[in-house]
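Notes for the one structure printed next.
The values are calculated or read from the model by the stated rules, or taken from the named source; none is laboratory data. These numbers come from a predicted model, not from an experiment. Cβ placement follows ideal geometry from the backbone for every residue including glycine, while neighbour counts extend to all protein chains displayed. Surface areas here come from the heavy atoms of the whole protein model, side chains and all, with no ligands, DNA or RNA. Shrake-Rupley method; radii C 1.70, N 1.55, O 1.52, S 1.80 Å.
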Amino acid sequence: MITAILREADFFKHFTQDELESLSKIAVLRRFQSDQVIFSENQKADEFFVLHKGSVNLIFSSKKIIKVGPLQIFGDWAIVNNTVRLATAVAKENTEVIAIDGVQLKNNDFLPAQIALKISLQIAGSLVERLLSQSQISSQILIDKGESDKTEFKSTLRKNLFTGKKDPMMENAILKTIAAFLNSKGGVLFIGVDDNGQAIGISNDEFDNQDKFLQHLFHIITDRMGKSAIEDIHPVIVKINDFLVVRIDIEPSSEPVFVKDQNNSENFYVRNGVSTVAYNLRDAINYIKLRF
(Lines give C-alpha, C1' and ligand atoms only; values in the text may rest on other atoms or scores of the structure.)
Protein backbone atom coordinates (compact mmCIF):
# COMPACT_ATOMS: atom_id res chain seq x y z
CA MET A 1 0.00 0.00 0.00
CA ILE A 2 2.76 2.46 0.93
CA THR A 3 4.61 1.81 -2.33
CA ALA A 4 1.43 2.55 -4.31
CA ILE A 5 0.90 5.84 -2.46
CA LEU A 6 4.49 6.94 -3.05
CA ARG A 7 4.13 6.08 -6.71
CA GLU A 8 1.28 8.62 -7.04
CA ALA A 9 3.34 11.53 -5.67
CA ASP A 10 5.16 13.74 -8.20
CA PHE A 11 8.14 13.83 -5.86
CA PHE A 12 8.82 10.14 -6.57
CA LYS A 13 7.92 10.05 -10.27
CA HIS A 14 11.54 9.36 -11.28
CA PHE A 15 11.98 6.51 -8.80
CA THR A 16 11.89 2.89 -9.97
CA GLN A 17 9.55 0.33 -8.50
CA ASP A 18 12.45 -1.37 -6.70
CA GLU A 19 13.54 1.96 -5.20
CA LEU A 20 10.04 2.68 -3.95
CA GLU A 21 9.75 -0.78 -2.44
CA SER A 22 13.07 -0.26 -0.62
CA LEU A 23 11.87 3.12 0.59
CA SER A 24 8.58 1.68 1.84
CA LYS A 25 10.55 -0.47 4.29
CA ILE A 26 11.49 2.64 6.29
CA ALA A 27 8.04 4.26 5.99
CA VAL A 28 4.79 3.89 7.94
CA LEU A 29 1.22 5.08 7.45
CA ARG A 30 0.00 7.39 10.21
CA ARG A 31 -3.45 8.87 10.90
CA PHE A 32 -4.23 12.19 12.59
CA GLN A 33 -7.52 13.70 13.66
CA SER A 34 -8.59 17.25 12.84
CA ASP A 35 -6.47 19.88 14.67
CA GLN A 36 -3.98 17.25 15.86
CA VAL A 37 -0.32 18.34 15.80
CA ILE A 38 1.91 16.23 13.56
CA PHE A 39 5.12 17.93 14.65
CA SER A 40 6.00 21.14 16.49
CA GLU A 41 8.34 24.05 15.83
CA ASN A 42 11.83 23.56 17.35
CA GLN A 43 11.20 19.83 17.71
CA LYS A 44 13.97 17.48 16.62
CA ALA A 45 13.38 16.31 13.06
CA ASP A 46 13.72 12.60 12.37
CA GLU A 47 11.00 12.06 9.75
CA PHE A 48 9.56 13.69 6.67
CA PHE A 49 6.09 13.14 5.31
CA VAL A 50 3.96 12.56 2.24
CA LEU A 51 0.35 13.69 2.62
CA HIS A 52 -1.97 10.90 1.48
CA LYS A 53 -5.42 12.11 2.50
CA GLY A 54 -6.74 15.25 4.14
CA SER A 55 -4.91 18.57 4.53
CA VAL A 56 -2.14 20.05 6.68
CA ASN A 57 -1.19 23.59 7.66
CA LEU A 58 2.43 24.53 8.32
CA ILE A 59 2.37 27.37 10.86
CA PHE A 60 5.51 29.44 11.43
CA SER A 61 6.27 31.55 14.49
CA SER A 62 5.64 34.60 12.33
CA LYS A 63 2.07 33.23 11.99
CA LYS A 64 2.66 32.65 8.29
CA ILE A 65 0.69 29.61 7.13
CA ILE A 66 1.52 27.31 4.22
CA LYS A 67 -1.12 24.82 3.16
CA VAL A 68 -0.06 21.30 2.19
CA GLY A 69 -2.23 19.34 -0.22
CA PRO A 70 -2.56 15.62 -1.02
CA LEU A 71 0.59 13.87 -2.29
CA GLN A 72 2.82 16.81 -1.38
CA ILE A 73 5.82 16.31 0.89
CA PHE A 74 6.50 18.35 4.02
CA GLY A 75 8.95 18.36 6.90
CA ASP A 76 11.77 17.58 4.48
CA TRP A 77 14.00 20.65 4.86
CA ALA A 78 14.99 19.88 8.44
CA ILE A 79 15.89 16.29 7.51
CA VAL A 80 18.37 17.32 4.83
CA ASN A 81 19.93 20.09 6.93
CA ASN A 82 19.94 18.27 10.28
CA THR A 83 18.08 21.10 12.00
CA VAL A 84 15.03 21.37 14.25
CA ARG A 85 11.58 22.00 12.86
CA LEU A 86 10.99 25.54 11.61
CA ALA A 87 7.21 25.24 11.73
CA THR A 88 4.34 23.42 13.43
CA ALA A 89 2.34 21.01 11.24
CA VAL A 90 -1.35 20.66 12.10
CA ALA A 91 -3.92 18.36 10.49
CA LYS A 92 -6.91 20.45 9.41
CA GLU A 93 -9.19 17.43 9.01
CA ASN A 94 -8.88 13.68 9.46
CA THR A 95 -5.59 13.10 7.71
CA GLU A 96 -3.34 10.25 6.60
CA VAL A 97 0.39 10.68 5.97
CA ILE A 98 3.29 8.46 5.02
CA ALA A 99 6.10 9.08 7.53
CA ILE A 100 9.57 8.30 6.14
CA ASP A 101 12.30 7.69 8.70
CA GLY A 102 15.00 10.30 8.17
CA VAL A 103 17.50 8.53 10.42
CA GLN A 104 17.29 5.24 8.56
CA LEU A 105 17.31 7.18 5.29
CA LYS A 106 20.92 8.19 6.02
CA ASN A 107 21.98 4.73 7.17
CA ASN A 108 23.28 2.41 4.46
CA ASP A 109 22.28 -0.59 6.56
CA PHE A 110 18.63 0.27 5.98
CA LEU A 111 18.64 1.90 2.56
CA PRO A 112 21.03 1.88 -0.42
CA ALA A 113 23.10 5.07 -0.60
CA GLN A 114 21.97 5.85 -4.15
CA ILE A 115 18.34 6.07 -3.03
CA ALA A 116 19.21 8.41 -0.16
CA LEU A 117 21.18 10.60 -2.58
CA LYS A 118 18.31 10.63 -5.03
CA ILE A 119 15.91 11.78 -2.32
CA SER A 120 18.32 14.48 -1.13
CA LEU A 121 18.69 15.83 -4.67
CA GLN A 122 14.93 15.78 -5.15
CA ILE A 123 14.39 17.67 -1.90
CA ALA A 124 17.00 20.23 -2.94
CA GLY A 125 15.19 20.74 -6.24
CA SER A 126 11.87 21.20 -4.46
CA LEU A 127 13.40 23.79 -2.14
CA VAL A 128 14.68 25.79 -5.11
CA GLU A 129 11.17 25.81 -6.59
CA ARG A 130 9.75 27.09 -3.29
CA LEU A 131 12.35 29.86 -3.11
CA LEU A 132 11.52 30.92 -6.65
CA SER A 133 7.85 31.03 -5.73
CA GLN A 134 8.63 33.19 -2.71
CA SER A 135 10.72 35.47 -4.93
CA GLN A 136 7.73 35.93 -7.23
CA ILE A 137 5.46 36.81 -4.32
CA SER A 138 7.90 39.28 -2.76
CA SER A 139 8.57 40.84 -6.18
CA GLN A 140 4.86 41.40 -6.79
CA ILE A 141 4.54 43.02 -3.36
CA LEU A 142 7.46 45.39 -4.10
CA ILE A 143 6.08 46.30 -7.52
CA ASP A 144 2.62 46.96 -6.11
CA LYS A 145 4.13 49.42 -3.61
CA GLY A 146 5.66 51.43 -6.47
CA GLU A 147 9.05 53.09 -6.85
CA SER A 148 10.80 54.26 -3.70
CA ASP A 149 14.24 55.07 -2.34
CA LYS A 150 15.02 51.34 -2.58
CA THR A 151 12.94 50.20 -5.57
CA GLU A 152 13.09 51.29 -9.22
CA PHE A 153 11.48 50.13 -12.48
CA LYS A 154 12.99 50.11 -15.97
CA SER A 155 11.05 49.03 -19.04
CA THR A 156 14.05 47.69 -20.97
CA LEU A 157 17.76 47.08 -20.76
CA ARG A 158 18.85 48.36 -24.15
CA LYS A 159 15.86 49.19 -26.38
CA ASN A 160 14.15 52.56 -26.63
CA LEU A 161 10.45 51.76 -26.83
CA PHE A 162 9.68 55.13 -28.46
CA THR A 163 12.11 54.72 -31.36
CA GLY A 164 12.01 50.92 -31.46
CA LYS A 165 15.81 50.84 -31.64
CA LYS A 166 18.70 49.92 -29.37
CA ASP A 167 19.77 52.99 -27.43
CA PRO A 168 22.92 53.34 -25.27
CA MET A 169 20.98 55.75 -23.04
CA MET A 170 18.84 52.83 -21.85
CA GLU A 171 21.89 50.93 -20.64
CA ASN A 172 23.26 54.11 -19.08
CA ALA A 173 20.07 54.51 -17.06
CA ILE A 174 20.34 50.94 -15.80
CA LEU A 175 23.98 51.37 -14.78
CA LYS A 176 23.33 54.70 -13.04
CA THR A 177 20.55 53.14 -10.95
CA ILE A 178 22.64 50.13 -9.99
CA ALA A 179 25.58 52.35 -9.02
CA ALA A 180 23.30 54.63 -6.99
CA PHE A 181 21.97 51.67 -5.01
CA LEU A 182 25.51 50.35 -4.50
CA ASN A 183 26.70 53.71 -3.23
CA SER A 184 23.67 54.19 -0.98
CA LYS A 185 21.72 51.68 1.09
CA GLY A 186 21.09 49.08 -1.60
CA GLY A 187 17.81 48.36 -3.34
CA VAL A 188 15.94 46.37 -5.97
CA LEU A 189 15.85 47.19 -9.69
CA PHE A 190 13.23 45.59 -11.93
CA ILE A 191 13.82 45.42 -15.68
CA GLY A 192 10.69 44.70 -17.73
CA VAL A 193 8.40 46.82 -15.54
CA ASP A 194 7.20 50.22 -16.77
CA ASP A 195 6.98 53.46 -14.79
CA ASN A 196 3.38 52.68 -13.80
CA GLY A 197 4.39 49.39 -12.20
CA GLN A 198 2.99 47.26 -15.02
CA ALA A 199 4.99 44.16 -15.96
CA ILE A 200 5.74 44.25 -19.69
CA GLY A 201 8.47 41.60 -19.75
CA ILE A 202 11.97 41.52 -21.17
CA SER A 203 11.08 40.30 -24.66
CA ASN A 204 11.27 43.87 -26.02
CA ASP A 205 15.06 43.73 -25.68
CA GLU A 206 15.09 40.90 -28.24
CA PHE A 207 17.76 38.67 -26.74
CA ASP A 208 17.90 35.10 -28.04
CA ASN A 209 17.22 33.71 -24.56
CA GLN A 210 17.32 34.56 -20.87
CA ASP A 211 20.97 33.55 -20.53
CA LYS A 212 21.96 36.00 -23.27
CA PHE A 213 20.10 38.76 -21.46
CA LEU A 214 21.92 38.09 -18.19
CA GLN A 215 25.28 37.69 -19.93
CA HIS A 216 24.88 41.09 -21.56
CA LEU A 217 23.85 42.63 -18.23
CA PHE A 218 26.93 41.22 -16.51
CA HIS A 219 29.13 42.36 -19.38
CA ILE A 220 28.08 46.01 -19.28
CA ILE A 221 28.31 46.08 -15.47
CA THR A 222 31.86 44.72 -15.36
CA ASP A 223 32.93 46.77 -18.39
CA ARG A 224 31.58 50.09 -17.12
CA MET A 225 31.69 49.65 -13.33
CA GLY A 226 34.49 47.16 -12.68
CA LYS A 227 34.53 43.48 -11.79
CA SER A 228 34.22 44.06 -8.05
CA ALA A 229 30.78 45.67 -8.49
CA ILE A 230 29.25 42.39 -9.60
CA GLU A 231 29.83 40.82 -6.17
CA ASP A 232 27.02 42.89 -4.68
CA ILE A 233 24.57 42.46 -7.54
CA HIS A 234 22.20 39.48 -7.65
CA PRO A 235 19.88 39.21 -10.68
CA VAL A 236 17.15 36.60 -11.06
CA ILE A 237 14.37 36.16 -13.62
CA VAL A 238 10.88 35.95 -12.13
CA LYS A 239 7.41 35.67 -13.64
CA ILE A 240 5.01 38.50 -12.88
CA ASN A 241 1.51 38.31 -14.40
CA ASP A 242 2.74 35.89 -17.09
CA PHE A 243 5.64 38.20 -18.03
CA LEU A 244 9.29 37.38 -17.38
CA VAL A 245 11.03 40.29 -15.65
CA VAL A 246 14.53 40.63 -14.24
CA ARG A 247 14.79 41.40 -10.54
CA ILE A 248 18.20 42.69 -9.44
CA ASP A 249 18.86 42.73 -5.70
CA ILE A 250 21.67 45.18 -4.99
CA GLU A 251 23.57 45.27 -1.71
CA PRO A 252 25.34 48.37 -0.38
CA SER A 253 28.93 48.35 -1.65
CA SER A 254 31.86 48.44 0.77
CA GLU A 255 33.72 50.80 -1.59
CA PRO A 256 32.73 53.67 -3.93
CA VAL A 257 31.46 52.60 -7.34
CA PHE A 258 31.85 54.79 -10.43
CA VAL A 259 30.28 54.43 -13.88
CA LYS A 260 32.30 55.07 -17.02
CA ASP A 261 30.55 57.00 -19.76
CA GLN A 262 31.22 56.80 -23.51
CA ASN A 263 34.21 59.13 -23.07
CA ASN A 264 35.69 56.94 -20.34
CA SER A 265 34.98 59.64 -17.74
CA GLU A 266 33.97 58.22 -14.37
CA ASN A 267 30.75 59.45 -12.76
CA PHE A 268 29.42 59.00 -9.24
CA TYR A 269 25.74 58.42 -8.41
CA VAL A 270 23.70 58.10 -5.23
CA ARG A 271 20.07 57.43 -4.44
CA ASN A 272 18.04 60.40 -3.23
CA GLY A 273 14.41 59.47 -2.59
CA VAL A 274 13.01 57.99 -5.81
CA SER A 275 15.72 59.63 -7.93
CA THR A 276 19.24 58.76 -9.01
CA VAL A 277 21.46 61.81 -8.54
CA ALA A 278 24.85 62.53 -10.14
CA TYR A 279 27.37 64.13 -7.75
CA ASN A 280 30.06 66.54 -8.86
CA LEU A 281 33.62 65.92 -7.73
CA ARG A 282 33.43 67.99 -4.55
CA ASP A 283 30.11 66.48 -3.42
CA ALA A 284 31.31 62.99 -4.29
CA ILE A 285 34.45 63.38 -2.15
CA ASN A 286 32.44 64.62 0.82
CA TYR A 287 29.87 61.85 0.42
CA ILE A 288 32.56 59.16 0.12
CA LYS A 289 34.26 60.40 3.31
CA LEU A 290 31.00 60.00 5.22
CA ARG A 291 29.68 56.84 3.58
CA PHE A 292 32.84 54.74 3.19
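For the chain, the carbon plus sulfur part of the accessible surface works out to 50%, probe radius 1.4 Å. At a probe radius of 1.4 angstrom, the accessible area of the stretch 133-176 per residue rounds to 56 square angstrom. Each of residue 163 and residue 210 was given a label point 7 Å from its Cα along the Cα-to-Cβ line. The distance between the two points is 3.1 nm. For the chain, the longest principal axis of the alpha carbon atoms and the long axis of helix 168-183 meet at an angle near 70°. Counted residue by residue at 0.36 nm each, then reduced by the alpha carbon distance between them, the extension gain from residue 219 to residue 84 reaches 44.4 nm.
Between residue 251 and residue 65, what FRET efficiency comes out of the Förster formula 1/(1 + (r/R0)^6) with R0 = 45 Å and r the beta carbon distance, rounded to 0.05? Calculated value: 0.90.
Dipole of the stretch 178-292, Cα-centred, from +1 at each Lys and Arg C-beta and -1 at each Asp and Glu C-beta, to the nearest 20 debye?
Working: 11 positive and 16 negative charges, 102 e Å.
Its charge dipole is roughly 500 debye.
Counting only alpha carbon atoms, the long axis of helix 281-291 and the longest principal axis of the chain meet at about 30°. Dipole check for the chain: with +1 at the C-beta of Lys and Arg, -1 at the C-beta of Asp and Glu, and the Cα centre as origin, the magnitude is about 460 Debye.
For the pair residue 185 and residue 14, what calculated FRET efficiency results from E = 1/(1 + (r/R0)^6), where r is the Cβ-Cβ distance and R0 = 51 Å, to the nearest 0.05? Once rounded, the FRET efficiency stands at 0.70. A straight chain from residue 28 to residue 40 at 0.36 nm per residue would run longer than the Cα-Cα distance by 2.4 nm.
From the largest down, the stretch 120-243 spans 47, 33, 32 angstrom on the principal axes of its Cα atoms.
Counting each DSSP H run of 4 or more residues in the chain as -39500 (n - 2.57), what helix-only mean residue ellipticity at 222 nm follows after dividing by all residues, to the nearest 500 deg cm²/dmol?
Values: 8 runs with 100 residues, N = 292.
Helix contribution divided over all residues of the chain: -10500 deg cm²/dmol.
Taking every C-alpha pair closer than 8 Å and separated by at least 6 residues, the mean separation divided by the residue count of the chain gives a relative contact order of 15 percent.
Considering the convex hull of the alpha carbon atoms of the stretch 49-178, report its projected area averaged over all viewing directions, in nm², one decimal. If you wrap the Cα atoms of the stretch 49-178 in a convex hull and average its projections, you get 12.9 nm². Amide H contacts of residue 54 (H built 1.01 Å from N, in plane; Pro and chain starts excluded): 96 sit under 5 Å, all sequence-distant by 5 or more or on other chains. In this simple spin-label model, placing a label point 7 Å from the Cα along the Cα-to-Cβ direction at both residue 277 and residue 242 gives a separation of 4.2 nm. Computed with a 1.4 Å probe over protein heavy atoms only, the accessible surface of the stretch 1-70 comes to 59 Å² per residue. Taking label points 7 Å from Cα along the Cα-to-Cβ direction, residue 287 and residue 263 give a separation of 2.0 nm. So what's the gap between the Cα centers of the stretch 39-117 and the stretch 157-197, to the nearest angstrom? Taking the Cα centre of the stretch 157-197 as reference, the centre of the stretch 39-117 is 43 Å away.
Rolling a 1.4 Å probe over the heavy atoms of the protein chains gives the stretch 203-292 an accessible area of 62 Å² per residue.
The C-alpha atoms of the chain define a longest principal axis, and helix 210-225 lies at about 40 degrees to it. The largest-to-smallest principal axis extents of the Cα set in the chain are 72, 41, 37 Å.
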